[in-house]
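Written below as structure tokens is the structure these notes are about.
Please treat every number below as a calculation from the coordinates, not as lab data. This structure is a prediction, so every number in the text was calculated from the model and none was measured. Glycine also receives a Cβ, built like all others from the backbone with ideal geometry; neighbour counts cover every protein chain displayed.
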Amino acid sequence: MSNHGPRAQQRVLAVASGGGHWKQLMRLRPVFDRYNTQYVTTIDGLPQQAGVGNFRIIRDCSRDDPMTLIMVNLQMIAIMLRHRPRIIISTGAAPGLIAILFGRMIAARTLWIDSIANGDELSMSGRIARRLAHQTLSQWQGVAENSDVDYWGQLL
């Protein structure tokens, strides 16, 4: 596909923690390849293995480690200032939620796709994202119906 024209000018930030979150994000890569996409993940080596050239590695974080949360917030602010995304998409977890929050602050369109691993209920990050993101999806129809989010299918 050509990387010329209006889509190629649209800046997208695609954020996922390592492991399953990253695998799910990579399932969307054919769509992202049409845009000027900056990938963000928490494990160095994952983007290189996937052949992704435009990426940033940030620390992983959780609500249990406030100092790391602060560091990831600062890293995400720096990424936002450099890339200035108009669209932010995340498959989770905490770093993606931080990206969604900052995305709202800069008037970017935001999409949260809850992990397929959450087959019984929306993840805690997904419940927060439901209030922050412009669109929140579950990959399980029953979870979507019970959580007042949308279902568009599964990535894995």
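Below, the figures for the structure above:
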{"item": "Residues whose placed amide H lies under 5 Å from that of residue 56, excluding near-sequence neighbours", "result": "39, 40, 41"}
{"item": "Part-to-part distance (alpha-carbon centres) for the range 18-92 and the range 93-156, which is given in Å", "result": "16 Å"}
{"item": "Protection proxy ranking, peptides 40-49, 92-101, 106-115, average beta carbon neighbours within 10 Å, highest first", "result": "92-101, 106-115, 40-49"}
{"item": "In Hz, Karplus ³J(HN,Hα) per residue of the range 48-65 (6.51, -1.76, 1.60; θ = phi - 60°; x = Gly, Pro)", "result": "5, 4, 7, x, 8, x, 9, 9, 10, 9, 10, 5, 7, 8, 8, 5, 7, 10"}
{"item": "The range 34-82: C-alpha gyration tensor shape, a/c 1.5 cut-off, then a/b vs b/c", "result": "oblate"}
{"item": "In sequence order, calculated HN-Hα J values of the range 111-127 (Karplus, 6.51, -1.76, 1.60; Hz; x Gly/Pro)", "result": "9, 10, 10, 5, 4, 5, 5, 8, x, 9, 7, 4, 5, 4, 4, x, 5"}
